1. When you check R8 against the structure, is it among the basic types (K, R), free of Cβ contacts under 8 Å to residues at least 60 places away in the same chain and either exposed (fewer than 11 other Cβ atoms within 10 Å of the Cβ) or under 29 Å from L154 (Cα atoms) (or both), yes or no?
2. Give the number of residues within region 41-65 that are surrounded by 12 or more Cβ atoms within 10 Å (Cβ to Cβ) and assigned to a helix (DSSP H, G or I).
3. Read through the list (1) within 15 Å of ligand 3 (Cβ to nearest atom); (2) more than 30 Å from E232 (Cβ to Cβ); (3) β-branched (V, I, T), then give the number of the only condition that T386 fails.
4. Residue check, E71 against (1) over 27 Å from N116 (Cα atoms); (2) more than 29 Å from the chain's Cα centre (by Cα); (3) of a type outside the set (A, V, I, L, M, F, W, C), all met but one. Which one?
5. Residues of region 416-451 being farther than 30 Å from W231 by Cα and acidic (D, E), which ones?
6. Which number in (1) away from ligand 2 (no atom under 16 Å from the Cβ); (2) surrounded by 15 or more Cβ atoms within 10 Å (Cβ to Cβ); (3) modelled with pLDDT under 90 marks the one condition that S359 misses?
7. With region 84-137 as the region, which strands (runs of 3 or more DSSP E) entirely inside it contain at least 3 residues that are crowded, with 16+ Cβ neighbours inside 10 Å and within 32 Å of the chain's Cα centre (by Cα)?
8. In region 344-419, which helices (runs of 4 or more DSSP H) lie fully inside it and hold 2 or more residues that are under 25 Å from I285 (Cα atoms) and without any contact (Cβ under 8 Å) to a residue 60 or more places away in the chain?
Amino acid sequence: MQKDITERKLLEEQLAHQAFHDPLTDLPNRALFLDRLSHALKRSKRRGDKVAVLFMDLDNFKVTNDSLGHEVGDDLLIEVAGRLSQCLRPTDTAARLGGDEFVVLLEDIEDTNEANRVAKRIAETLRLPLYIEGHELSVTTSIGIAFGGSDEDLPGSLLRNADLAMYRAKEAGKNSQAMFESGMDVRALKRLRLEEDLRRALEREEFRVYYQPEVSLENDRIVGFEALVRWEHPERGLVPPLEFIPLAEETGLIVPLGQWVLEEACRQTREWQELYSGSADPLPIISVNLSARQFKQPDLAETIAQVLRKNGLEPRSLILEITESMMVTDVDSIIATLQELRELGVRIAIDDFGTGYSSLAYLKRLPVDYLKIDRSFVDGLGRDPTDKGLVSAALTLAHTLGLEAVAEGVETADQLAHLRELGCKLAQGYYFWKPSPSERASELLAARFPP
Ligand code: C2E
Ligand code: MG
Ligand code: MG
């Protein structure tokens, strides 16, 4: 009995330790670090002294990891953790937040100079050569410093400020330190932060494709899906595309990201099609959004042809969605690209139709197949007679041009009734289904194709 209790105690201690420590380096993790920081802030308020948070990121860690392998990378992180601990006083805390990000809490600090001195000492210690599996390595770090200890300082914001200052250090050239100042352009630094996060999210495969059914209003059946990307952020949860697509577009990260979405959506669609290949009903098709940047890639058609071939998907099963706003410049080259895509057999939809500025003359020349009527017009159906008129006009326009129309963002039975009355044949919206993970989309399909 005594032995049982001892063992259970040990086990409990072990579990508690695991919950608050990084398994690789055994340093405290984020949760424990924030806890210690919050206690340190309370103590410093009582004592009237200061604390400093150093946020550090190893420069070029990814290069080492990619070229020498994860095991060398892991050994390097363990070594860095050891050296970091050696640089500190017993009252300070070093922690690993994940990847190659480490933080240090310095308590009972005199002034910013002292924090700077410690940061420099850490940088110098880490730079001494390291020997791992026969490789001589040298590590440089960028360190951001935030100094705190006043009433308003919250642990989370101090950590964030140090993190932002780290981007200033990186900007200034690697292997340097920067102190957070309240006048810093926080927005610009946050952008750098998001950009870095996006890059890592791609590497760590944190993106997911969600699928929203497109429904035929003639038989109320699922015709296919629109692929909509989501970011499964380890801390922030599911991040919607509008929070990261614009920056991904600006930085060019949209190209690899969009490529990944395209591949994943085609792979998944082919899998569904194989499952129901014996069915008499038409097989599900897939719509994928293309960004302006992707659309301008010179090898776009070839890339898409390759993805289709690789996944064994018929070109007819793929619809590429582009927006009107992408088509404001250089009409001829846009038409040439669209033609190339259509020669593959892929179909094209104009997304968010009605929100851009395409003229009728322009529209007439564009080789496209679908108009997706923006949900801002569908929204007013049954409430705003103007919207009903506009939806009706868009439907007429589509039919005159020989295009199919899809109503986006249908949310109510009333809107649906109006769309039916106006002769709309395809629709999509929360009234039917929200975008959902592939497992849920598979269930919806299974219900649509009875065994
Ligand atoms: P979109 O292509 O027009 O996609 C439709 C958006 O409307 C989706 O938002 C969808 O969840 C939302 N929606 C659908 N039905 C309803 C409804 O009944 N009510 C309301 N309020 N909303 C509805 P989401 O998924 O947040 O995507 C937003 C935009 O982000 C997309 O607009 C598209 O422009 C862009 N996007 C999403 N995935 C990708 C991608 O893989 N690549 C690129 N380049 N852009 C993407
Ligand atoms: Mg779309
Ligand atoms: Mg749309």
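1. Details: among the basic types (K, R): yes; free of Cβ contacts under 8 Å to residues at least 60 places away in the same chain: yes; either exposed (fewer than 11 other Cβ atoms within 10 Å of the Cβ) or under 29 Å from L154 (Cα atoms) (or both): yes.
Answer is yes for this residue.
2. Final tally of qualifying residues: 8.
3. The single condition T386 does not satisfy is (1).
4. Of (1) over 27 Å from N116 (Cα atoms); (2) more than 29 Å from the chain's Cα centre (by Cα); (3) of a type outside the set (A, V, I, L, M, F, W, C), only one is false for E71: (2).
5. Selection gives E421 alone.
6. The single condition S359 does not satisfy is (2).
7. Details: elements: 93-98, 101-109, 130-132, 135-137.
Hits in region 84-137: 93-98, 101-109.
8. Numbers: elements: 360-365, 375-379, 385-400.
Passing ranges, in order: 375-379, 385-400.
The values are calculated or read from the model by the stated rules, or taken from the named source; none is laboratory data. Bear in mind the structure is a predicted one, so any value in this text is a computation, not a measurement. All Cβ positions, even for glycine, are placed from backbone atoms using ideal geometry, and neighbour counts span all protein chains on display.
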